[in-house]
Amino acid sequence: MYIYSKLKVFHQFTKLSLFSKKRVNSIGTKLLIRVLAVSSLFVIFQTLVQLNSDYELGLSEIDRRFDQLSLSYRGGLARSIWEVNNTQIESIIEGMLQIPDVVKVTVTESSGKENVEEPILAEVGVMPESSFLQRNLPVTIESGGVDKRIGSLIVAISLDALYEDLYGTVIFVLLFQVVKTFLMSAFILAIFHYLVTRHLVVMAKFSNATNPNNLDEMLVLDRKSLGDEDEITAMSDALNYTKRNLKKLVESNEQSVQMHVELAQKEEKEQAHQQFKKQIEAKNTKLADSNHELASAIDNLKNTQDQLVNSEKMAALGGMVQGVAHELNTPIGLSITGASHIKADTDRIIELLAANKMKKSDLDGYLDSTKNLSKSINIGLDKAANLIKSFKLVSVEQHEELKQDFDVRSNLEDLLYSIRPSIREKKEIKIYNNIVENIELCSFPGVFYQIYTNLINNAMLHAFEFLDEGEVTIFGEYRDQHLLMSVKDNGCGMNEETIKKVFDPFFTTKRANGGTGLGMNIIYNLVNDKLHGSIRVESKEGEGTTFYFKIPNLI
């Protein structure tokens, strides 16, 4: 019959399908090869980065050792050269040769002439055939208030120990990463086999075993149901659905002719098409409504975010106002007290004058007292005026945000003058302004105030949460039309997960204490959007945090 001929064609197709037993390349094997390839690239890159970092650290340590040798031995050598004490010179450099990795030490005497080889006074050690670093350290002595060069200390340090350390590091990192990569790949392959491959094999066998005599048997996979339909479930359902349709086709067409079957199928298809069309229209209508609701929700979220950002800015400004107001109480209070004393002394002098009992000593005492009190009042009012001037610079710039030329170091000093009082009330936190002097920048000074304020508040809240004292160092220099800055604290540091999310909006580790999670996001947006610069962070738990900025000169 026609139906049985169709079933035979389907059966032959399944034997030649993707699920045939003759498959050569396993999906799991391909996945394993790609995972190993990508992981190997990352391992090589990480090893190179680690090797370069250790090499730079080793060179820095050798430079530091040169500096220590210069500081430790230069004074004694200077006296020995000046006194022409060759025995003492040889004793000193013999001691230097005992220092690890120092392979040769030479002391020469200055001839006082340029481009003339200096005579060697003493020399110990042998220059190695392998790599080494050599430095010529001048030996000077003070004569007439001026340092006079009387010779040179030439020190050679071998790099063999550094290269041995680097070799050990490379071997360790490569072995560790290779073992980790293979274990992880094997684990991934096992999971992929458990979740996918074994079910594909079952479905392939089920498909190959399909024939007109077993259309009642359905495919049941040995897997736990997680509630959500995935591709394996969809494939299994599709095979069962196909088998059920085949069974229905056989039962409905055994007593029908080919034309009736085709007409029935056409009618079913037409009905399914119409129903599908109605379903699509209904889904499109529902989707349009959902899109409208989503757009409204996004607008509400944007408005809420803007409000939170403004609240964060005003909170920082409010904290500054509180600190300045507290600091103003002292000078203004002293000024009021001084004015009260002047008024009392004036009233007393007026009474003596009215009673014609005033003496010269009374007038002299009044004038001296008035002079001292006036001086105290002036000092107090000057301090209050400076505080108010600094606060006006900070608060006005935060809102006007006008682009102008300004001195970067003075810009930071204005802010620190305003916020140091409030900081001293909370913890013993020292803030150092190490910005290079006379850096003129065309940018937005108010934005810098906001960045400094948020970073310092963030350090107070997070870095020094469990510390009573600490340091925040702000460094800046101008290079290649850019301001390069760093803000470093010696607080508790951050873990890798926090570093990845530190600039994300609404991310905070202090949600229970009222943190909004917008402080660092505001800084990120100000640096990138307003200042057209870039920002990055480096941190380790227990070793503090450093933020790096690169900001162009907006001339």
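The values are calculated or read from the model by the stated rules, or taken from the named source; none is laboratory data. Because the structure is predicted, anything quoted here is derived from the model rather than measured. All Cβ positions, even for glycine, are placed from backbone atoms using ideal geometry, and neighbour counts span all protein chains on display.
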### Query
Does any residue of the stretch 444-457 turn out to be crowded, with 21+ Cβ neighbours inside 10 Å, touching a helix residue (DSSP H, G or I) at 6+ places or on another chain (Cβ under 7 Å), assigned to a strand (DSSP E or B) and among the aliphatic types (A, V, I, L, M)?
no
### Message
Take the residues in the stretch 470-494 that are touching a residue at least 60 places away in the same chain (Cβ under 8 Å) and among the β-branched types (V, I, T); name whichever of them is farthest from L412 (Cα to Cα).
### Response
V487
#### Entry: Considering residues of the stretch 241-279 that are under 30 Å from V196 (Cβ atoms) and modelled with pLDDT of 80 or more only, the residue nearest to the chain's Cα centre (by Cα)
Y241
### Query
If a residue has to be aromatic (F, W, Y) and surrounded by fewer than 18 Cβ atoms within 10 Å (Cβ to Cβ) to count, how many in the stretch 407-439 make the cut?
1
### Query
Checking I429 against (1) within 23 Å of Y524 (Cα to Cα); (2) part of a strand (DSSP E or B), which single condition isn't satisfied?
(1)
